[in-house]
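Peer 1: Sharing a structure, written as structure tokens. Questions coming.
The values are calculated or read from the model by the stated rules, or taken from the named source; none is laboratory data. Everything numeric here is computed off the predicted structure, so don't read it as measured data. Note that we place each Cβ from the backbone using ideal geometry, even for glycine, and neighbour counts take in every protein chain shown. These accessible areas exclude ligands, DNA and RNA; they are computed on the full protein's heavy atoms, side chains included. Shrake-Rupley method; radii C 1.70, N 1.55, O 1.52, S 1.80 Å.
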Amino acid sequence: LLGGHHNITKKILHGQRERYKDLRLGVLWVDAHPDLCDVFDGSRLSHANTMRRALDFGIEPHDVCMVGLRSWEEQEIDLIENGGIHVYTAADVAERGMRKVADSVYNILNDCDAVHISLDIDCLDPSAAPGTGIPEFGGLTSRDVLTLIIGMQGLSLVGLDVVEIAPPLDPSESTVFAGLKIIMEYIAVIAREKQKAG
């Protein structure tokens, strides 16, 4: 699924939770921001509340892996540090390398019956994807993101959403093509897994 603001993912994750209501649903959240605010600018339904509402839907914190974080609100810190969510900041990725981070994420989400990937294009450094609403300096590289997606092959992947691409903010269209490449790589992961299964 493709979208504008990350708040569209609320409906997607609610639908996935209903679809797999008797099973463990894991979420790989690739984003500069955790979107764990309870209320943001007076709203419980903004783009900054998306993952918080997903937890309200019954997605378990220990089944959520967040990769690429580098900006958060004060009200989100307790959940990040003590809420049971697995967090890999952009700085963690730079220090450890994406291959090790991807392996760690895989091992956690492999215990889930179904896994949804939600990717905000601002997970990428603005040098690779400037066309987004809230660009955050110090982000993931294009290679990091592809390594992460490819590293999820073998999981029970059930969906992908790519959000926050704003073409008018990037005349070079590099952000659009980054989103396209991510989607195509996800499709390739699914195809390779189906081919392997036989």
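Peer 1: Can you list which of the GluC sites (Glu not before Pro) found in the stretch 1-99 are DSSP loop residues with at most 16 other C-beta atoms within 10 Å? Write out the running numbers ahead of the final one.
Peer 2: Details: sites: Glu18, Glu73, Glu74, Glu76, Glu81, Glu95; in loops: Glu73.
Here the sparse-neighbourhood loop sites are Glu73.
Peer 1: I would also like to ask the following. Which whole-number value in Å² is the accessible area per residue of the chain, probe 1.4 Å? Walk me through the intermediate numbers first.
Peer 2: Working: 9260 Å² over 198 residues.
Using a 1.4 Å probe on heavy atoms only, each residue of the chain averages 47 Å².
Peer 1: To the nearest 0.05, what FRET efficiency results for Phe177 and Asp22 with a Förster distance of 45 Å applied to their C-beta separation?
Peer 2: On the way: r = 39 Å, r/R0 = 0.88.
With R0 = 45 Å, the Cβ-Cβ based efficiency is 0.70.
Peer 1: Go ahead and set up a Gaussian network model of the chain, Cα springs under 10 Å, then flag whichever of Ala91, Ala32, Ala54 fluctuates most.
Peer 2: So, out of Ala91, Ala32, Ala54, the one fluctuating most is Ala91.
Peer 1: Can you tell which of Val189, Pro135, Tyr106 lies farthest toward the positive end of the dipole of the stretch 77-198, using +1 and -1 charges on the Cβ of basic and acidic side chains (Lys, Arg; Asp, Glu)?
Peer 2: About the Cα centre, the residue reaching furthest to the positive side is Val189.
Peer 1: Can you figure out the FRET efficiency of Asp41 with Gln153, using R₀ = 45 Å and their beta-carbon distance, to the nearest 0.05? It would help to have the intermediate numbers written out before the result.
Peer 2: Values: r = 39 Å, r/R0 = 0.86.
Computed FRET efficiency for Asp41 and Gln153: 0.70.
Peer 1: Shifting gears a bit: Got a sec? Charge dipole of the stretch 1-46, +1 on Cβ for Lys and Arg, -1 for Asp and Glu; which of Leu25, His6, Ser46 is way out at the positive end?
Peer 2: Leu25
Peer 1: Within 15 Å, Cβ to Cβ, of Leu45, how many net charges do the neighbouring residues add up to if Lys/Arg are +1 and Asp/Glu are -1?
Peer 2: Numbers: positive: Lys10, Lys11, Arg44, Arg52, Arg53; negative: Asp35, Asp38, Asp41, Asp56.
Here the charged neighbours net out to +1.
Peer 1: Turning to a different aspect of this structure: What percent do you get for the relative contact order of the chain when only Cα pairs under 8 Å and 6+ apart count? If you can, show how the numbers build up before the last one.
Peer 2: Details: 371 pairs, mean separation 47.4, N = 198.
With pairs under 8 Å counted, the relative contact order is 24 percent.
Peer 1: Still on this structure: If you take every DSSP beta bridge whose two residues both sit in the stretch 1-125, what share of them, in percent to the nearest 5, is antiparallel?
Peer 2: Working: 1 of 15 bridges.
Given both bridge residues lie in the stretch 1-125, the antiparallel proportion sits at roughly 5 percent.
Peer 1: Please work out which option in (i) 1.04; (ii) 0.94; (iii) 1.20 gives Rg/Rh (Cα atoms, Kirkwood Rh) calculated from these coordinates, and answer with its label.
Peer 2: Step by step, Rg/Rh (Cα atoms, Kirkwood Rh) for this structure corresponds to label (ii).
Peer 1: While we're here: With all protein chains present, how much of the accessible area of the stretch 53-198 (probe radius 1.4 Å) comes from carbon and sulfur, to the nearest whole percent? Don't skip to the answer; put the middle values down first.
Peer 2: Working: 3640 of 6790 Å².
Result for the stretch 53-198: 54 percent of the exposed heavy-atom area is carbon or sulfur.
Peer 1: Could you tell me the distance between the Cα centroids of the stretch 114-147 and the stretch 49-68, to the nearest Å?
Peer 2: Cα centres, the stretch 114-147 to the stretch 49-68: 18 Å.
Peer 1: Here is a further query. For Ile80 and Ala191, what does the FRET efficiency come to when R0 = 35 Å and r is the distance between their Cβ atoms, rounded to the nearest 0.05? Working shown, then result.
Peer 2: Working: r = 35 Å, r/R0 = 0.99.
Here the calculated transfer efficiency is 0.50.
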